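The values are calculated or read from the model by the stated rules, or taken from the named source; none is laboratory data. Just so it is clear, the model here is predicted, and its values are computed rather than measured. Because the Cβ atoms are built from the backbone with ideal geometry, glycine has one as well, and the counts that use them run over all protein chains shown. These accessible areas exclude ligands, DNA and RNA; they are computed on the full protein's heavy atoms, side chains included. Shrake-Rupley method; radii C 1.70, N 1.55, O 1.52, S 1.80 Å.
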Amino acid sequence: MLWPKLFRCLADHLQLSDGDPALVGFPDYLEQRDDRLFILTTGQWTGLDTVVDITNGNTVRLTHAPEDRLFDEK
């Protein structure tokens, strides 16, 4: 399952990188977006960049379940 917000961020990043599928700059892109969210289990505010894990250069995984996150909609 791909989370819609993450999909939109990935699509935007790929468009900005001229379709290059490498996700090397994706964490930096997420950090610049400054999408804030609240992790329920820890009681802390953080950024989307801190809950996304990239492995093997092209596998994106969220480190917290969807029901554990609340977004601060701008």
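Remarks
- Some residue of segment 2-23 being among the aliphatic types (A, V, I, L, M) and surrounded by fewer than 10 Cβ atoms within 10 Å (Cβ to Cβ): yes
- Selection status of Thr46, open to solvent by less than 50 Å² (accessible area, probe 1.4 Å) and among the polar types (S, T, N, Q): yes
- Looking only at segment 43-58, and only at residues there that are in a strand (DSSP E or B) and among the hydrophobic types (A, V, I, L, M, F, W, C), the one that is farthest from the chain's Cα centre (by Cα): Trp45
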